[in-house]
Each structure stands twice: as structure tokens, then as C-alpha cells.
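Trainee: Encoded as C-alpha cells, here's the structure I'll be asking about.
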Number of protein chains: 2
Amino acid sequence: MEIAILLFERLTALDAVGPYEVLSRLPGATVRWVAVEPGPKRADAGLALLADHPLEQVTAPDVVVVPGGFGTRTAMQDPQVLEWVRSAHETSTWTTSVCTGSLVLAAAGVLRGVEATTHWNYLEQLRQLGARPLSQRIVHRGKVITAAGVSAGIDMGLRLAQQIAGDTVAQAIQLSIEYDPDPPFETGSPGKSPPEIVELVRRAAARLEAE
Amino acid sequence: MEIAILLFERLTALDAVGPYEVLSRLPGATVRWVAVEPGPKRADAGLALLADHPLEQVTAPDVVVVPGGFGTRTAMQDPQVLEWVRSAHETSTWTTSVCTGSLVLAAAGVLRGVEATTHWNYLEQLRQLGARPLSQRIVHRGKVITAAGVSAGIDMGLRLAQQIAGDTVAQAIQLSIEYDPDPPFETGSPGKSPPEIVELVRRAAARLEAE
């Protein structure tokens, strides 16, 4: 089973690494890190992840994973990226995204009229791209699974592992990464967070996006 | 504030990327990816993360983060790694680890007689290295914070963010990465997991370790 994870400049590293850490543990899985041009891609907070393969080397992966990050703004206007997503989706068993990766799926035409999710701050943008946004952590419609912001990629990966390999394997993977989360606050989604915290994050995101 | 994250061959990528994704969002923070030799380091499941700096370029970071992975077996016998950890710990404000990264801290002498944690499957090994292992998700003693396996680095990062910058900033970071976890199973730690799942993970780890 071939899992292709798309890389591009200014992605959010955890969006990609969360599903990778889960899905790479599936029996028989091979993860391919792909990009328009192979080489190191700098994530939005500075870490460089290495893309080993150009897009044309991985044309029919079983699983497609598109991470998010500010770099999606450029990626979703890149014809090579869009064509690859469109074409890989035609033959994929699963097409997935984390965070604003769903904006790239939508820009490629994969989410037209389809219920999907994204980072809570970008649901309206997802709507403008033709999808039907839902405020949920994971949205699973047919062979498309979209996850909410950043850390939701771990939950998405485990649900996909369950679909692919069943409960026992998925449970073993969850235990192997000791995923028994214990967040210090109850502020992980906008509905649970004080309005001033939501506003703080919105303002910070707008500043970063303008950079 | 300078945050140094140690890289080495066969680390577990999420161990490093979890805390990075949190701590890099702290106001004024700079993350430095360090290794004995700069360049790409292959994680245990194939992703290459780029180390930008040799150890001798980042000698007095405010925060030290040591990730785990099967590669710790080699790292904890590397005199350059151990000397760097020892010396960086002398001047650090915080010294931290995720997963079996605590074995490296212990091998460097940082955890002698100190309560600490690690991935649930390696608590006995941590004891043999002179620490006092606790089955907890996060153990905070003085300026040393150790986290349990892999995904626990996100929780550790948020608790450290709270210590460094206070509740409001840490809450905003938690919301920005939409960390409102929703694992599909209740099998994230060995105490909650059926014994056959625990056994499955132990056997898989033993196989991988022998590779």
C-alpha cells in the first residue's frame, strides 16, 4: 500500500507528520513524500522536511494525504499540484487532508458539493471553494476524509488505519504512539474557547498570512 | 528564546514535531534543529528531517528537546551527543524529552535519581540508567520535563508553553493547532488497553529494534 504525502513550502509540519506517524505503522505500508520539485521544504515554523519524489514518480498512490499551512495559498494555485491531486484522486482508495489541506483538495475540484472540514478559521474559505464545510473534527464522505486543524491529523490517521486494517491494528498503533491525550486546557476548539482567545488566534493568523 | 531540538538517525518524527509545533508558536521563540552532523536525518518510518546546525553552533539553548525513537540506542552511546546534552543542560532553563529521548538524558547523567518518564515499553530501561521511572504522561521535576511515548510531546509542549508564557498564550497555541483530541479508541496507554494489544505492540517493537 502506497501512501503519498504532499509537501510544499510553508506547510504546517504536524499536519503531515501526524498522519505519517500513524499510517506508516500499517503492515505493508510505504510512505512516499512527494513535491513538485524534490528536496527540502521549509514548514511555516522553520523545520525542513525532505520530499524524496517528484509528483510524476508517484502517480497512483492508494492513499493521498494533503497537509495544510499558509503555503496552501500558493499550492492551490499551482497547476502541477492541482493536476496531480485531481489525477491521484481518480485512482486512489482514500483521498485525505488535514487542516487547510482541504482548500487544496477543493481547488483541485475534489470537494465540489461535498461535505468536508478544515481548520476552524478557514471554514468560510472552504465554502467559497465549492465544498460544504462542517465544524467537525473529522468528516468522512465516500473515499474522502478531511480533518480539522493541525493535530486532527492524528485522529484522522487512526480512523483511516481502522478502515484499512481493522480495529486491532488501529488500536495497536494508537498504543504504540501512546495516544492517550491529556491537553492542559479545554480550549482546543473555538466553541470551547473564551472569545478573547479565539480573537487572539485569528489576529495572529492574519498577521502570519500577510507575511 | 532559543529552543534546540536534537536530531539523529532513526528518531521518531512526531516526538520532535509535536513539541516543535507548539513551542515554535511562542512569542520570540527560535527553534534550532541540531545534530552531530547537519543534514537530513531519516526518522524510523522514513521521513527525513533537516538538521540545520551542528551541535557546537548551539551551545546554550534556553530549552533543550530530546526526541526518542530506535535511534536513541546509538545516540545514547555517542560521546558528542552526551557531552552536548550534559553541557546544554547546565545552562538551560528547561531540559525536556519525549518518549525514549529520556534514555538519552539518563545516559548523559541528567536523570540520576530523578523521577522521569518514557514510552511505556521502556520504563525498566530508564530505571537501569539510574532514573526513577513513573508511569505518567508528563513528569515535571525542577527544570526537567519528560514526556511519555510519541504523542505525549504535544501535551508536554503545551505545559511548557504555559510555564514559559502563561495560560493565555498556551491556550491560544492549543486553539491554533486545534488540539481538541478525539481518539477513536480508549487504548492509548497500556493500563487501558487489552493485554493482547499490549503484547502485539511489544512484539512489533522488539522486531523493529532488532533491525
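Trainee: Just checking, which of A:ALA170, A:ALA116, A:ALA148 is free of Cβ contacts under 8 Å to residues at least 60 places away in the same chain and farther than 21 Å from B:LEU14 by Cα? Steps first, answer last, please.
Mentor: On the way: A:ALA170 fails: farther than 21 Å from B:LEU14 by Cα; A:ALA148 fails: farther than 21 Å from B:LEU14 by Cα.
Result of the check over A:ALA170, A:ALA116, A:ALA148: A:ALA116.
Trainee: May I pose another question? Restricting the search to the stretch B:22-44, which residues are assigned to a strand (DSSP E or B), of a type in the set (Val, Ile, Thr) and under 16 Å from the mean Cα position of the chain (by Cα)? Spell out how you get there, then give the answer.
Mentor: Step one: of the stretch B:22-44, the residues assigned to a strand (DSSP E or B) are B:30-35, B:39-42.
From the residues that got through so far, the ones that are of a type in the set (Val, Ile, Thr) too are B:30-31, B:34.
Result: B:VAL31, B:VAL34.
Trainee: Let me ask something additional. Tally the residues that are closer than 20 Å to B:PRO67 by Cβ and among the hydroxyl-bearing types (Ser, Thr, Tyr), restricting the search to the stretch B:136-171.
Mentor: Just the residues of the stretch B:136-171 that are closer than 20 Å to B:PRO67 by Cβ, to begin with: B:136-141, B:143-161, B:163-164.
Still in the list and also among the hydroxyl-bearing types (Ser, Thr, Tyr): B:146, B:151.
Residues flagged as closer than 20 Å to B:PRO67 by Cβ and among the hydroxyl-bearing types (Ser, Thr, Tyr) within the stretch B:136-171 amount to 2.
Trainee: Just for the stretch A:173-204: of the residues that are of a type in the set (A, V, I, L, M, F, W, C), within 7 Å of another protein chain (Cβ to nearest Cβ) and in contact (Cβ under 8 Å) with a residue 12 or more places away in the chain, which one is nearest to A:ARG10 (Cα to Cα)?
Mentor: A:VAL201
Trainee: Applying the selection to the stretch B:1-26, what residues are of a type in the set (Gly, Ala, Ser) and under 17 Å from B:CYS99 (Cβ atoms)?
Mentor: Across the stretch B:1-26, the qualifying residues are B:ALA13, B:ALA16, B:GLY18.
Trainee: Can you tell me which residue among B:LEU82, B:LEU50 is surrounded by 15 or more Cβ atoms within 10 Å (Cβ to Cβ) and part of a strand (DSSP E or B)? Explain how you work it out, then say what you get.
Mentor: Details: B:LEU82 fails: part of a strand (DSSP E or B).
From the options B:LEU82, B:LEU50, the qualifying one is B:LEU50.
Conditions (1) at pLDDT 95 or above; (2) buried (at least 19 other Cβ atoms within 10 Å of the Cβ); (3) among the hydrophobic types (A, V, I, L, M, F, W, C), marked per residue:
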{"position": "B:GLN162", "(1), (2), (3)": "yes, no, no"}
{"position": "B:GLY166", "(1), (2), (3)": "yes, no, no"}
{"position": "B:GLN171", "(1), (2), (3)": "yes, yes, no"}
{"position": "B:SER176", "(1), (2), (3)": "yes, yes, no"}
{"position": "B:ASP182", "(1), (2), (3)": "yes, no, no"}
{"position": "B:GLY191", "(1), (2), (3)": "no, no, no"}
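Trainee: While we're here: Just a yes or no: is a residue in the stretch B:125-136 in contact with a strand residue (DSSP E or B) (Cβ under 9 Å, 6 or more places away or on another chain), over 17 Å from B:GLY153 (Cα atoms) and among the small types (Gly, Ala, Ser)?
Mentor: yes
Trainee: May I ask you to verify whether B:VAL85 is hydrophobic (A, V, I, L, M, F, W, C) and within 23 Å of A:ILE177 (Cβ to Cβ)?
Mentor: Values: hydrophobic (A, V, I, L, M, F, W, C): yes; within 23 Å of A:ILE177 (Cβ to Cβ): no.
Taking the combined requirement at face value, the residue does not satisfy it.
Residues checked against (1) over 23 Å from B:ALA4 (Cα atoms); (2) in contact with a helix residue (DSSP H, G or I) (Cβ under 6 Å, 6 or more places away or on another chain); (3) free of Cβ contacts under 8 Å to residues at least 40 places away in the same chain; (4) in a loop (DSSP other than H, G, I, E, B):
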{"position": "B:GLN77", "(1), (2), (3), (4)": "no, no, yes, yes"}
{"position": "B:SER87", "(1), (2), (3), (4)": "no, no, yes, no"}
{"position": "B:LEU103", "(1), (2), (3), (4)": "no, yes, yes, no"}
{"position": "B:LEU111", "(1), (2), (3), (4)": "no, yes, yes, yes"}
{"position": "B:LEU123", "(1), (2), (3), (4)": "yes, no, yes, no"}
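Trainee: Filter the stretch B:178-194 down to residues that are assigned to a loop (DSSP other than H, G, I, E, B) and either of a type in the set (Gly, Ala, Ser) or over 16 Å from A:ARG137 (Cβ atoms) (or both), then give me how many there are. Explain how you work it out, then say what you get.
Mentor: Residues of the stretch B:178-194 assigned to a loop (DSSP other than H, G, I, E, B): B:178-189, B:193-194.
From what's left, either of a type in the set (Gly, Ala, Ser) or over 16 Å from A:ARG137 (Cβ atoms) (or both): B:186-189, B:193-194.
Looking only at that region, the number is 6.
Trainee: Okay, next question. Please indicate, with yes or no, whether at least one residue in the stretch B:132-141 is in contact with a His (Cβ under 8 Å, 6 or more places away or on another chain) and within 25 Å of B:LEU175 (Cβ to Cβ).
Mentor: no
Trainee: Of the numbered conditions (1) at pLDDT 95 or above; (2) in a helix (DSSP H, G or I); (3) within 12 Å of another protein chain (Cβ to nearest Cβ), B:GLN136 satisfies every one except a single condition; which is it?
Mentor: Condition not satisfied by B:GLN136: (2).
The values are calculated or read from the model by the stated rules, or taken from the named source; none is laboratory data. Keep in mind it's a predicted model, so treat the numbers as computed, not measured. Every residue, glycine among them, receives a Cβ derived from its backbone with ideal geometry; neighbour counts consider all protein chains shown.
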